[in-house]
Amino acid sequence: MHSPTRRQFLVYAGAGAAALTLPRWLQAAEKMWPGYKPNVILILTDDQGYGDLACTGNPVIKTPNIDRFYGEAVRFTDFHVSPTCSPTRASLMTGRHEFKSGVTHTILERERMSLKATTFPQLLKAAGYATGIFGKWHLGDEADRRPDKRGFDETFIHGAGGIGQTYAGSCGDAPGNKYFDPVILHNGVFEKTQGYCTDVFFAQASKWIEEKKGKQPFFAEITPNAPHGPLVCPEQYEKMYADKVDANVAKFYGMITNIDENVGRLVAKLKEWAIEKDTLVIFMTDNGSATGSRVFNAGMRGAKGSAHNGGTRVPAFWRWPGTLQPGDRGQLAAHLDIFPTLAELAGAAIPDEVRARLDGFSLVPVLADAKASWPDRYLVTHVGRWARGKAADSQYANCSIRRGPYLMVSRGGPNAWDLYDLKSDPGQAKDIAAQHPDVVKELAAIYDKWWAEVLPCLENEDAVGPAVNPFKELYWKQYGGPGPNNAPLTPQRLQGDGPVRDGGPGGERRLPDGPPPEGR
């Protein structure tokens, strides 16, 4: 069964007048034609992996609301993102590999998305959507790089890659920020909030959605910084797991259970407001698990910061009651596909020059029909994070390429590749490169061509950041002093704390140059 053409829809519609009932899948696809303009909510959690949900097999964690959501959704079972935070967000926003927008790291100015990039919220806004983001942005903290300049009407964000995180240069949050009662930048003005950060982001998003519903279609991106470190959550959630897993995992799982409750409240509100059937809600995460993989990783190898399957495969559940028939989709899909998919659903015009540069494909045919044809695509993963000035020397460092069932992972050199068949060996236990030299040769050639294309796009490699974090500068200017976080200006805060390891001044578990050990 293939997706129908517009002409076929009209034929079916005419026959319907003669008492022909449309197939359910065809009714769904009709509503997904450009111009229907559903509301869209994208929930993107931070550092939660595929195995960090009960519905994907985790035997410890409690996520009843997301489990119910899973049962009511289209579920992509082979959906991939980038291996760390900013890269995933850049690819999601642009429909292109993150390197093509200059994003090769999460700090050091290399998290800044190119000002030349076009984002899908810009297109949705042009198509009549209200657009809002609530939580983590992590694609540039300077004024010209914040989400209000990249297609969002409403912005409610923290700075850097996490609440309280600070690095020298442009990447840093408001000084003295914590997970409880954080100061949040709301449409360019800091506000002192009350409550736990995840609760705050979902509550603000719900308030905005309630204001917009019925007036115009909306796109809300809810991006909590949880369960990213520091591992802090309300005590009652941590206690749920204290006798089942180690202390850090207990906090990590507690943060996810708190997210789960917020997802449940949001879905209940959509029902209460009678907009549930007009609203597509997407739940996904931004990379492999940062903390939970040592307890359960769905049989995969690798975690956050890895080019193996466990570093990039994430949950992706698409719920749209009355339109999408719940079920699995096994097509090789990715964050790159969200741009063209949402543009198509919204009836948003993609300029020809932008469309020509997209790496993603619209998922609309697959959402409507599990058996729809799908491109024989490849996906390249590169962890990046090389030392300053070493981009050209890092072609084969921490990278992989996926096509069909095959995942080929570099051992660090031009002729050093391991090959795995994920269909027969999902845990990547057996290297079969020697048995399939033709596959290795083909994928290596594709990879080398890709690298030659992206290398000239790495515009941030020599960037020099400002002397003071932009969020800190704005904070002290607005409050004229220590402000509600009681954070006086000091020489150390002016300079930033610099890259540090676990237990740094902001409590952030920060990654040094290069990926973390596999499984971390």
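The values are calculated or read from the model by the stated rules, or taken from the named source; none is laboratory data. Since the model is a prediction, treat every value here as computed from it, not as a measurement. Here the Cβ positions follow ideal geometry from the backbone for every residue, glycine too, while neighbour counts run over all protein chains shown.
Within the stretch 206-217, residues that are closer than 14 Å to residue 271 by Cα reach partners that are surrounded by fewer than 19 Cβ atoms within 10 Å (Cβ to Cβ) with beta carbons closer than 6 Å, at six or more positions or on different chains, in the pairs 206/269; 213/273; 213/275. Residues of the stretch 170-213 that are aromatic (Phe, Trp, Tyr), over 21 Å from the mean Cα position of the chain (by Cα) and more than 30 Å from residue 274 (Cβ to Cβ): 180, 190. Quick one: is residue 100 buried (at least 17 other Cβ atoms within 10 Å of the Cβ), touching a helix residue (DSSP H, G or I) at 6+ places or on another chain (Cβ under 9 Å), modelled with pLDDT of 95 or more and of a type in the set (D, E, K, R)? Yes: the conditions hold for residue 100.
Look at the stretch 315-337: where a residue is farther than 28 Å from residue 90 by Cβ and a partner is crowded, with 21+ Cβ neighbours inside 10 Å and aliphatic (A, V, I, L, M), sitting 6+ places away or on another chain with Cβ atoms under 6 Å, you get 326/73. For residue 40, state whether it is modelled with pLDDT of 95 or more and assigned to a loop (DSSP other than H, G, I, E, B). No, not satisfied.
Taking the stretch 281-304 as the range and being of a type in the set (A, V, I, L, M) and crowded, with 23+ Cβ neighbours inside 10 Å as the test, the residues that pass are 281, 290, 300, 303.
Identification of strands (runs of 3 or more DSSP E) wholly contained in the stretch 365-427 with 1 or more residues that are under 30 Å from residue 320 (Cα atoms) yields 378-382, 399-403. Go through (1) outside any loop (DSSP other than H, G, I, E, B); (2) of a type outside the set (A, V, I, L, M, F, W, C); (3) within 17 Å of residue 341 (Cβ to Cβ) for residue 86 and report which single condition fails. All conditions are met except number (3). Name every residue in the stretch 231-244 that is out of contact with any Lys or Arg (no Cβ under 9 Å at 6 or more places or on another chain) and either closer than 14 Å to residue 292 by Cβ or assigned to a loop (DSSP other than H, G, I, E, B) (or both), in order of residue number. Within the stretch 231-244, 234, 242, 243, 244 qualify.
The rows are residues; the columns are (1) touching an Asp or Glu at 6+ places or on another chain (Cβ under 6 Å); (2) among the charged types (D, E, K, R); (3) over 13 Å from residue 163 (Cα atoms).
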{"residue": "198", "(1), (2), (3)": "no, no, no"}
{"residue": "205", "(1), (2), (3)": "no, no, yes"}
{"residue": "224", "(1), (2), (3)": "no, no, no"}
{"residue": "228", "(1), (2), (3)": "yes, no, no"}
{"residue": "231", "(1), (2), (3)": "no, no, no"}
{"residue": "238", "(1), (2), (3)": "no, yes, yes"}
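Among the residues of the stretch 432-444, what is the count of those that are touching an Asp or Glu at 6+ places or on another chain (Cβ under 7 Å) and either under 20 Å from residue 297 (Cα atoms) or of a type in the set (Gly, Ala, Ser) (or both)? The number of residues fulfilling the criteria is 1.
In the set 189, 183, 200, only one residue is touching a residue at least 40 places away in the same chain (Cβ under 8 Å) and crowded, with 20+ Cβ neighbours inside 10 Å; that residue is 183. Residues in the stretch 305-328 that are within 10 Å of residue 74 (Cα to Cα), surrounded by fewer than 24 Cβ atoms within 10 Å (Cβ to Cβ), over 19 Å from the mean Cα position of the chain (by Cα) and not charged (D, E, K, R): 324, 325, 326, 327.
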